Every structure is written in C-alpha cells, then in structure tokens.
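Only the coordinates and a few stated rules stand behind these numbers; no lab work does. Everything quoted here is computed from the prediction, not taken from an experiment. Cβ atoms come from the backbone with ideal geometry, glycine included; neighbour counts cover every protein chain shown.
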Amino acid sequence: MSDPNKLIQEEFDRAATLFAERTKGRFDTMDAVGFSRVAPGATVLEVGAGTANFLSLFEEIAGCLIAVDLTHGMLATARSNHPDVRAVQGDGRRIPVASRTVDLVATAQALHHIHEPVPVLTEMGRIARDTGHVLMIDQVASERLEEALAMNELELIRDPSHAISRPPSALRVVVQKAGLEIVDERLWEGRNVFSQWMWPGEFPEDRIERVRKSVEEHGAETGMDFRREDGDWSFRRRRMMILARRGG
Ligand SMILES: C[S@@+](CC[C@H](N)C(=O)[O-])C[C@H]1O[C@@H](n2cnc3c(N)ncnc32)[C@H](O)[C@@H]1O
C-alpha cells in the first residue's frame with residue numbers, strides 16, 4: 001500500500017492556493033467559534049489546518065493561533081494569507097507541542113483523510129489544557145451502509161488521498177475511544193454544486209470527467225441528494241461538530 005501521508009502531501013501540495021480560494025467561507029454559517037466556547041486571548045491550535053481558512057475564524061478572539069499540517073504547500077499559503085498564524089509542519093499523530101498547554105485543539109475537514117483517527121484525537125486530548133476543549137469538524141456520510149460506501153467510492157475517485165467519510169455514529173465512537181468526553185454536538189447541512197466541488201485548475205481535467213461520470217451513474221446511491229440544476233449538479237453536504245474534553 002502506498003504511504004498515506006505521501007499521497008496527502010502530493011494531493012494538497014498540487015493546488016494549495018486554489019484550494020484556499022475554493023473553500024473560502026465554507027465554515028461561515030456554522031458558528032464554530034460560538035460552539036467552541038473559546039475565551040478571549042485563548043491559544044487555538046488546528047491539526048490539518050491546511051491554508052488556515054478555518055483557523056482564521058478565531059483571529060478576532062484568540063491570543064495565539066497555531067496551524068499544524070503535514071503539507072508544506074498548504075502551510076506556505078496559510079503564512080501568506082494569514083500572517084498572524086504560526087504555521088508548523090507536523091503530523092497529528094505526534095503534535096510538536098507540550099502536554100496541557102492549548103485551550104482549544106481543533107481539527108476541521110481533515111479526519112476523512114486519516115484511516116486511523118483515534119491516535120490523532122488522543123494526541124489532541126494530550127495537548128488540551130485541563131480546562132480546554134477538543135473540537136472535531138468533519139463531513140459526514142449516511143448512517144445507511146450502502147449509501148456511505150457509495151459516497152466514499154465517489155470521494156475516492158475525486159481525491160486519492162481520501163480515507164473515509166464516517167457517519168455521525170462512527171464519529172462519536174472515535175472521539176470517545178480517544179478518551180474524550182463529548183460536551184456538545186451539532187449537525188450542519190448545506191448544498192454545494194459540482195462545478196465548485198470539482199474546481200477546474202485545482203483538479204486534473206480527466207479526474208473531473210471521471211467524477212462526473214460516476215455522479216451520473218451512481219450519484220443517486222450516495223445519499224447526497226444529487227439534483228440536476230442548470231447544466232450542473234447540486235448536492236447536499238452535511239458536517240458534524242463535536243466539542244469534547246479529556247475524560248476523567
Ligand atoms: C481538506 S484539508 C482541510 C484544511 C483546513 N482544515 C480547512 O478546512 O480549510 C485537509 C488537510 O489535512 C492535512 N492532513 C491530513 N492528514 C494529516 C495528519 N496526519 N497530520 C497533519 N495534517 C494532516 C492535509 O495536509 C490537508 O492540508
């Protein structure tokens with residue numbers, strides 16, 4: 001099997017600037033800052049922070065923002081778009097930060113690239129202060145197994161570094177297996193369109209065509225509610241936020 005970290009780095013190094021543009025604003029209606037209960041002046045660290053689009057939501061309230069990511073290209077874009085963010089190259093399995101020092105340890109839209117998320121969430125719990133929180137946000141699959149499998153097949157054609165989109169019940173389990181206690185959870189739902197999801201330039205043309213064909217043939221099986229709209233496809237995107245603290 002090819003090295004999953006190498007696949008991730010290749011995929012995200014290729015088009016980091018375009019990724020930042022395409023995904024700008026995608027968390028704006030989720031109220032992640034309010035949900036996180038973060039206090040003014042807090043230290044906020046994100047694992048898999050990429051270009052820091054998510055982390056920068058905390059710019060006004062936090063005292064210190066730290067982006068940890070595997071991929072150099074993503075961190076270079078984070079540094080140039082958000083100069084106040086401290087960008088650190090590192091793996092979520094071994095975060096280069098002392099234990100119990102961070103008020104909010106977040107991860108957004110990264111767990112579906114990670115086959116074994118428990119060690120990463122355990123590590124996030126390790127660096128959270130006793131009074132701090134761990135915040136997990138990720139896209140979710142259907143609770144129906146067949147739909148979840150079809151969605152993941154499609155995601156894997158779109159992005160070879162995709163590991164698995166999990167249903168809400170599985171996300172709760174991995175958070176708890178990491179020794180974390182769930183404080184709150186919220187499901188968010190919105191719609192996206194194919195032409196934005198498969199942005200020309202960010203994705204190779206032949207890959208866009210393969211995904212289009214797969215949507216036409218199997219989109220209805222994914223539970224993503226694909227609908228034909230003005231020569232495009234629209235589809236439902238669901239994300240889950242879980243706020244947790246280290247268990248006693
Ligand atoms: C889909 S991007 C999300 C970026 C950002 N959180 C956002 O939502 O805009 C996923 C990011 O996770 C990073 N990543 C994946 N596995 C990782 C790991 N084990 N440790 C650190 N970063 C990781 C990738 O390099 C990529 O930048």
DSSP bridge pairs, the stretch 90-235: antiparallel proportion in percent, nearest 5
40 percent
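Assigning unit charges at the beta carbon (Lys, Arg +1; Asp, Glu -1) and nothing else, what dipole magnitude in debye, to the nearest 20, does the stretch 43-189 show about its Cα centre?
Its charge dipole is roughly 480 debye.
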Who wins for biggest fluctuation among D91, D130, D232 in a Gaussian network model of the chain, springs between alpha carbons below 10 Å?
D232
For D84, what is the net charge nearby, where nearby means another residue's Cβ is under 11 Å from its Cβ and Lys, Arg count +1, Asp, Glu -1?
0
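Please find the FRET efficiency linking C64 to V118, where r is the Cβ-Cβ separation and R0 is fixed at 25 Å, and quote it to the nearest 0.05.
Efficiency at R0 = 25 Å is approximately 0.40.
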In a Gaussian network model of the chain with springs linking alpha carbons closer than 10 Å, the residue among S56, S165, S195 that fluctuates most is S195
Only bridges with both residues in the chain count here: give the DSSP antiparallel percent, nearest 5.
50 percent
The farthest towards the positive end of the charge dipole of the stretch 114-201, of the residues F194, G179, L149, given +1 on Cβ of Lys and Arg and -1 on Cβ of Asp and Glu, is G179
Would you mind working out the magnitude of the charge dipole of the stretch 80-125 relative to its Cα centre, with +1 at each Lys and Arg C-beta and -1 at each Asp and Glu C-beta, to the nearest 20 Debye?
100 debye
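Rounded to the nearest 500 deg cm²/dmol, what is the calculated helix-only ellipticity per residue at 222 nm for the chain, with -39500 (n - 2.57) per DSSP H run of length n ≥ 4? Mind dumping the intermediate values first?
Values: 9 runs with 87 residues, N = 248.
For the chain, the value works out to -10000 deg cm²/dmol.
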Counted neighbours (other Cβ, 10 Å), sorted fewest up, put S99, S169 in the order S169, S99
Can you compute the modelled spin-label distance between I182 and R210, with each label point 7 Å from Cα toward Cβ, in nm?
3.5 nm
Within the stretch 54-130, list the GluC sites (Glu not before Pro) lying in a DSSP loop whose Cβ has at most 12 other Cβ atoms in a 10 Å radius.
E60
When the gyration tensor of the stretch 191-239 is built from Cα positions, what are the square roots of 5 times its three eigenvalues, in whole Å, from largest to smallest?
17, 12, 10
About its Cα centre, how strong a charge dipole does the chain have in debye, to the nearest 20, once Lys and Arg get +1 and Asp and Glu get -1 at the Cβ?
660 debye
Please list, in order, the residues from the stretch 145-163 whose amide nitrogen is less than 15 Å from a point placed 7 Å along the Cα→Cβ vector of E10.
157-163
